[in-house]
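What follows is a set of notes on a single structure, which appears directly below.
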Amino acid sequence: MLFPKLWLVLIVFLSSLIFFPSLSYAENHRTVDQVVDKYQNTSLQRLLPKFVKADVDYPPKRVMMLASKQEQRLELWADSGEGFKKIHTYAILHASGVSGPKLVEGDLQVPEGLYDITALNPNSNFHLSMKINYPNDFDKMMARQDGRHSPGSNIFIHGKASSKGCLAMGDQAIEDLFILAERTGIENIKVAIAPRDPRRTPLSVDEYSVPDWTKSLYEDIQQTFDRY
């Protein structure tokens, strides 16, 4: 009879879905090591000449990323034991919001402050991403002081060209930064995000409608940028 054969075909088909997941499913569940294997050669072709020119070992011992929201630039600095040297400047393709610190969940603001990289996400909806530790201790303390209960979370440096409170760097740039972060060790990376480059014009809270504590924050950001 025909029907038993159809049932048999259906059972075989469903079994294949269980035991042989699709390629797209596998690609959406890749590991950091798999991402490194896939992109490290092309990333090295782009980054290594820049490190050689700056006379910095690759991978370096420490990395500093200086992001300026107004200029939409991210400077990559690295240190292999003889002090930080500038490696490259990346264009930030999109950073939502305006000048001023992030205050609440959903305000679409890119945070401003001094941050660490806490995780590498190889399965980001934005190609690849690196999570920063917003809200950090300072952000949490100011939120408590202001009586704000939802300062926001899940802030990333990621690929693609759109952003909702994150820094969108484009796919090629995030591949370079992701591989560099993995090779260097995320514990050896710092990120400073400013409303604009304070080395050009000192930061002033008079320019923006911001909380009073922003003055202290901007002093810390100013001192950090002034070192580079």
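The values are calculated or read from the model by the stated rules, or taken from the named source; none is laboratory data. Just so you know, these numbers come straight off a predicted model, no measurement behind them. Every residue, glycine as well, gets a Cβ built from its backbone with ideal geometry; the counts of neighbours run over all protein chains shown.
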> What number of residues within region 45-77 satisfy the criterion of being free of Cβ contacts under 8 Å to residues at least 40 places away in the same chain, crowded, with 16+ Cβ neighbours inside 10 Å and of a type in the set (A, V, I, L, M, F, W, C)?
Replying inline: 3
>> Just checking, does region 99-113 include any residue being over 20 Å from Tyr58 (Cα atoms), assigned to a loop (DSSP other than H, G, I, E, B) and hydroxyl-bearing (Ser, Thr, Tyr)?
In response: yes
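Residues checked against (1) surrounded by 21 or more Cβ atoms within 10 Å (Cβ to Cβ); (2) more than 28 Å from Val32 (Cα to Cα); (3) modelled with pLDDT of 95 or more:
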site: Glu112; (1), (2), (3): yes, no, yes
site: Tyr115; (1), (2), (3): yes, no, yes
site: Thr118; (1), (2), (3): no, no, yes
site: Asn136; (1), (2), (3): no, no, yes
site: Asp139; (1), (2), (3): yes, yes, yes
site: Ala143; (1), (2), (3): no, yes, yes
site: Asp146; (1), (2), (3): no, yes, yes
site: Phe156; (1), (2), (3): yes, no, yes
site: Leu167; (1), (2), (3): yes, no, yes
>> Checking the conditions here, which among Ala161, Ala181 is part of a loop (DSSP other than H, G, I, E, B), of a type in the set (A, V, I, L, M) and in contact with a strand residue (DSSP E or B) (Cβ under 7 Å, 6 or more places away or on another chain)?
In response: Ala161
>> Restricting to region 182-203, count the residues that are out of contact with any Pro (no Cβ under 9 Å at 6 or more places or on another chain), surrounded by 13 or more Cβ atoms within 10 Å (Cβ to Cβ) and not acidic (Asp, Glu).
In response: 9
> Does region 206-223 hold any residues that are out of contact with any Pro (no Cβ under 7 Å at 6 or more places or on another chain) and surrounded by 18 or more Cβ atoms within 10 Å (Cβ to Cβ), and which are they?
Replying inline: Tyr218
